[in-house]
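Chemist: Handing you this structure, nothing more for now.
The values are calculated or read from the model by the stated rules, or taken from the named source; none is laboratory data. Everything numeric in this text was worked out from a predicted model, so none of it was measured. As a convention, Cβ positions derive from the backbone with ideal geometry for all residues, glycine included, and neighbour counts pool all protein chains shown.
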Amino acid sequence: MHSSDNGFSKEHFRLLIDGKLPWEEVKKAIRLSPKDADRFKKYLEILQEKVPWEDPILLRISDHLYIVAKPGKGRIVKCDCGQEFGDYRINWKLGCRVYVRRTDEEIAEVITIPEARHNMDLVEMREFYCPGCYALLGVEVVPPGYPPIFEMLPDLDTFYREWLGNPLPDEDPAWFQDRTLERPAEWIKEA
Ligand SMILES: [Zn+2]
């Protein structure tokens, strides 16, 4: 059955994305059967209306970050402020300003309950900020020297082809590869 806007309007979607949809309505949406076939498309349309740029959004990956189809540049990570982090197969954290907390005093600034603090002899806390808008994009607590955690490398082609039934025009198995190590290799060449 084709059911565009049958059970869940765009306005409901907007409220859901903003976290303002009443819980009763959220439950109704979860139980809705059949679900609107075009719900992901509608979701992307609303996201697109909220950002100040035109590059088509392929997937939202955090509160501020999106994978977009950038003409001439392929699939890149972009902040809602417009800052671009390059190829989405390279961990976007390598393009961030990073603040590292290494001492008990530094961790105490953000974790006020002493019992909840990490053992700073073992780990450090890294905060990743957007160089464009200084939004906090991610936090990780790891042993010193541990590589930045790559939080999400989605298989976009499988998602668009198998789940949405709408393959992307630039489909290629090479899109689903972690290329993070290429960035430091470039830095070495530049040095
Ligand atoms: Zn930003």
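Chemist: Cβ-Cβ under 6 Å, sequence separation 6+ or interchain: first residue in segment 43-65 and β-branched (Val, Ile, Thr), partner at pLDDT below 95. Which pairs?
Modeler: So the pair list comes out as Ile46/Phe13; Ile46/Arg14; Ile46/Ile17; Ile61/Met152.
Chemist: I would also like to ask the following. State all residues of segment 83-120 that are of a type in the set (Asp, Glu), over 25 Å from the mean Cα position of the chain (by Cα) and not in a helix (DSSP H, G or I); if no residue qualifies, say none.
Modeler: Glu109 - this is the single residue of segment 83-120 that is of a type in the set (Asp, Glu), over 25 Å from the mean Cα position of the chain (by Cα) and not in a helix (DSSP H, G or I).
Chemist: Name every residue in segment 105-133 that is within 16 Å of the ligand (Cβ to nearest atom), out of contact with any strand residue (DSSP E or B) (no Cβ under 6 Å at 6 or more places or on another chain) and of a type in the set (D, E, K, R), in order of residue number.
Modeler: Answer for segment 105-133, where residues must be within 16 Å of the ligand (Cβ to nearest atom), out of contact with any strand residue (DSSP E or B) (no Cβ under 6 Å at 6 or more places or on another chain) and of a type in the set (D, E, K, R): there is none.
Chemist: Let me ask something additional. So, of the residues in segment 134-146 that are surrounded by 12 or more Cβ atoms within 10 Å (Cβ to Cβ) and more than 16 Å from the chain's Cα centre (by Cα), which turns out to be farthest from the ligand (Cβ to nearest atom)?
Modeler: Among residues in segment 134-146 that are surrounded by 12 or more Cβ atoms within 10 Å (Cβ to Cβ) and more than 16 Å from the chain's Cα centre (by Cα), the one farthest from the ligand (Cβ to nearest atom) is Tyr146.
Chemist: Here's a follow-up. Which of the residues belonging to segment 83-93 are farther than 13 Å from Ile61 by Cβ and near the ligand (Cβ under 10 Å from one of its atoms)?
Modeler: Gln83, Glu84
Chemist: Another question, then. Which of the residues that make up segment 139-181 are in contact with a Leu (Cβ under 9 Å, 6 or more places away or on another chain), farther than 30 Å from Leu122 by Cβ and not charged (D, E, K, R)?
Modeler: Of everything in segment 139-181, those that are in contact with a Leu (Cβ under 9 Å, 6 or more places away or on another chain), farther than 30 Å from Leu122 by Cβ and not charged (D, E, K, R) turn out to be Pro154, Leu156, Phe159, Tyr160, Leu168, Trp175, Phe176, Gln177.
Matching residues to (1) within 18 Å of Leu156 (Cα to Cα); (2) more than 16 Å from the ligand (Cβ to nearest atom); (3) among the β-branched types (Val, Ile, Thr); (4) in a loop (DSSP other than H, G, I, E, B):
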site	(1), (2), (3), (4)
Tyr43	yes, yes, no, no
Leu47	yes, no, no, no
Pro52	no, no, no, yes
Leu58	yes, yes, no, no
Cys81	no, no, no, yes
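Chemist: I would also like to ask the following. Which of the residues spanning segment 93-133 are farther than 30 Å from Gln83 by Cα, surrounded by 11 or more Cβ atoms within 10 Å (Cβ to Cβ) and among the charged types (D, E, K, R)?
Modeler: Asp104, Arg117
Chemist: Return the pairs, sorted by first residue and then second, in which the second residue is within 14 Å of the ligand (Cβ to nearest atom), the first residue lies in segment 117-141 and is basic (Lys, Arg), the beta carbons are less than 9 Å apart, and the residues are 6+ apart or on different chains.
Modeler: Taking only residues 6 or more apart or on different chains, the pairs are Arg126/Lys93; Arg126/Gly138.
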